[in-house]
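What follows is a short report on a single structure.
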There are 2 protein chains.
Amino acid sequence: MPLLVMKFGGTSVANTDRIRRAAKRVGREVANGYDVIVIVSAMSGETNKLVGYVEETSQLYDAREYDAVVSSGEQVTAGLMALTLQEMDVPARSWQGWQVPLRTTNAHAAARIVEIPTENIMAKFAEGMKVAVVAGFQGIGPDGRITTLGRGGSDTTAVAFAAAFEAERCDIYTDVDGVYTTDPRITSKARKLEKVAFEEMLELASLGAKVLQTRSVELAMRYNVRLRVLSSFEEQSDEAGTLICAEEDIVESKAVNGVAASREEAKMTLISVADRPGIAAAIFGPLSEAGVNVDMIVQNISEEGRTDMTFSCPINQVARAEKALNDVKEKGGLNFREIVADTDVAKISVVGIGMRSQSGVAAKMFKTLSDEGINIKVIATSEIKISVLIDRKYTELAVQALHDAFELEKA
Amino acid sequence: MPLLVMKFGGTSVANTDRIRRAAKRVGREVANGYDVIVIVSAMSGETNKLVGYVEETSQLYDAREYDAVVSSGEQVTAGLMALTLQEMDVPARSWQGWQVPLRTTNAHAAARIVEIPTENIMAKFAEGMKVAVVAGFQGIGPDGRITTLGRGGSDTTAVAFAAAFEAERCDIYTDVDGVYTTDPRITSKARKLEKVAFEEMLELASLGAKVLQTRSVELAMRYNVRLRVLSSFEEQSDEAGTLICAEEDIVESKAVNGVAASREEAKMTLISVADRPGIAAAIFGPLSEAGVNVDMIVQNISEEGRTDMTFSCPINQVARAEKALNDVKEKGGLNFREIVADTDVAKISVVGIGMRSQSGVAAKMFKTLSDEGINIKVIATSEIKISVLIDRKYTELAVQALHDAFELEKA
């Protein structure tokens, strides 16, 4: 029997009516001849409520108790989904993480999946059960206690089940109907993509297209799980949503498939750093130890033994970065004149796997921005992405201009 | 190390503030030198909310899924209580039913406790943990799925833990401060009892003094667990509340220790039943099969081969009882003229273990009611209880008169 994994996020199971609507979709796939594993999130708002209780109770809480409290939300939805399916005469039952058992590392509140044995659930499918409803986001650690995978962990659970059970596809039902060429709030010309390569999705997700958790896309790429994102709020055909798949499943690709914008970056410059071998390590080692996520890095040409070093990091890590660098300076590990933080920037990126074989993308991007009078502050490139930092006030203008220039409204 | 079981009901853990207050009591017992097992209910309102979800979803629900959903409430409180204790520097951790594991029968939603292994928790006490917080009301069935013990099952969980761990005492914290000679809403002379025998408590509980679940008192009696009921909302000394204990722990007992009233009884009479051997079985067999809880039974003197048979049962079972008896009549298994149901009665009982050795209690009760002009409709007696049915409008008057007559306001 072919097998499908279907995952429903918090807004898709927000109350018993919505659970019923989601169950109908599951019932339809069963009627299509599939065995289905359903992964559910907590009803929307529940996880925040539970986290709130924990934070009211304790500042430096024991993550093992946090996990015991917070995992209860998915447990409730799983039971209700199984009951709803049974009410529709679809043979179903619920599993909690520890019952599968989905084994994880012992890193409570941020555990990683170690193993998903398939025997228990497959035995029930063999007995005639059609749907296994599994509480997402949770597992059991080597200490026999409940673990959770961190926020958004239900996407990761779904992909891991699809990999373990060799599912035909993993459908992620959410409150958006797919992945777009850019944020539709920025330009109405944004177009829903029919297919996106894993690599593109990773760049788009990490750039702020928050449709899927990055970790789940990485996992899907590693195990070649065909992922589909689609809306649980619209009636739709089997071709709905966006398929996230391997590059070779995409016949022909444009140079650029999407434009992403992030307003959460800050630009930091170390002015007049004494340039010497190992200087980059002296700067970025301490930043890494301080937990600063450095993204783009640019080093100016050295003059008279001194240089300027520029990098970007999330705005809310600026203070931490400054402290880390000043600490190294005080201890004599680093010599610079001053740190300048510019928190008024945005990062604009064009992404596309076609970039690998098509040239001129960078030139076209820079010219487009220049024509609009937008100054580029920092540039960084990867194989399938070109990113720039610009003044934040030009964010919308830049996205709209690039979307037009690369003709992303056209399929 | 001496060990104590402390149980907190839903109103005692209704929010994080109340959980903190409860945790302080636990901390005090730890300071007194005890290892403590804390049994918690769900935050008040939570279980009703979860049951509501299940009932919205399905009328004839799968009790296994019901258990998975409903048991999550206690799981949350257990984690929060453990966190609160840790915050107070009391070494604590939470256990869910399946982690202990508290093994039960497979009767989902109404499971009975089979076994509570003590090794896991005792090992942690040996390592220096001072408090084990256990989610009440739940266990794990032979099918490896979560079971629940039925409403009020947290009291039963507490007593079962006290028995398994041979606790010095089992303290039940609730929203009343003990067991009273009668309902204080009926007479302000009602006095809190310092000690009550198990047998008395069973009669009082089943008669409507809803302080403790009957099942938990039965269990305490069987394993001789000293139970204390006390309020979680008042500061109190170690002598607070009411101790429920074996008869031999009560030095001297008055003939009557309490007066109970129940307004949930109905009186039913089968008029002109053909009297023959086996007639009682022909009536009460079918009632039992129909799930009618018959309490008092009275048979009039037989005249000309016919008799009247009167019994009492809960008001909400009257329709069911009438249907069951008419069904038997139709099938020819029983011959009577008509059924008369009187739903306008109350059951008044006087209870006391001292009754065994002191005579004249019944006579005094009947005279007291007669002096007030209250007619007695049905009488039933046991070794430690005398019950009567009277017109419901006299409930308060009867209770007040009997409370005075047996001088229950005096210790």
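Here, each number is a calculation from the coordinates, and none is a lab measurement. Keep in mind that this is a model prediction, so the values were computed, not measured. Note: ideal-geometry Cβ built from the backbone for every residue, glycine included; neighbour counts use all protein chains shown.
What value, in deg cm²/dmol to 500, does the helix sum -39500 (n - 2.57) over DSSP H runs of n ≥ 4 give at 222 nm once divided by the residues of the protein assembly as shown?
-10000 deg cm²/dmol
Overall dimensions of the range B:323-411, expressed as equivalent-ellipsoid semi-axes from the Cα gyration tensor (√(5λ), whole Å, largest first), are 33, 16, 10. If a spin label sat at a point 7 angstrom from the Cα of A:E247 along the line to its beta carbon, the backbone N atoms of the range A:339-357 nearer than 14 Å would be those of A:352-357.
Counting every C-alpha pair in the range A:253-392, the share spaced more than 25 angstrom apart comes to 34%.
Once the Cα atoms are used to define both axes, helix A:46-57 deviates from the longest principal axis of chain A by about 70 degrees. A Förster distance of 30 Å, applied to the separation of the beta-carbon atoms of A:S302 and A:S359, puts the FRET efficiency at 0.50. Modelled spin labels at B:N120 and B:K367, positioned 7 Å past Cα toward Cβ, are 6.1 nm from each other. Computed over all pairs of different Cα atoms, the Kirkwood value for the hydrodynamic radius of the range A:28-67 is 13.0 Å.
Rg then Dmax, both in Å and based on the Cα atoms of the protein assembly as shown: 35.2, 129. Averaging the Cα positions of each part gives two centres, and for the range A:73-130 and the range A:338-411 these lie 44 Å apart.
Divided by 2.2 N^0.38 Å, where N counts the residues, the Cα radius of gyration of the range A:362-403 comes to 1.07. Charged side chains reduced to their Cβ positions (Lys and Arg at +1, Asp and Glu at -1) give the protein assembly as shown a dipole of some 160 debye around its Cα centre. Taking the convex hull of the Cα atoms, report for the range B:3-175 its projected area averaged over all directions, in nm². Mean projected area of the Cα convex hull: 9.1 nm². For the range B:25-99, the alpha carbon convex hull comes to 87 Å³ per residue, rounded to a whole number. Compared with the alpha-carbon gap, the fully stretched path from A:R276 to A:E264 is longer by 1.2 nm at 0.36 nm per residue. Maximal additional length on extending the A:E218-A:K195 stretch stands at 6.6 nm, based on 0.36 nm per residue less the C-alpha distance. Of all lysines in the structure, those lying under 24 Å Cα to Cα from A:K254, and not within fewer than 8 positions of it along the same chain, are A:K189, A:K192, A:K195, A:K210, A:K347, A:K364, A:K367, A:K385, A:K410. Here A:N335 and A:E56 are evaluated by their C-beta separation; at R0 = 45 Å the FRET efficiency comes out at 0.45.
Chain A: Rg/Rh from Cα coordinates, Kirkwood Rh? Expressed as Rg/Rh, it is 1.02.
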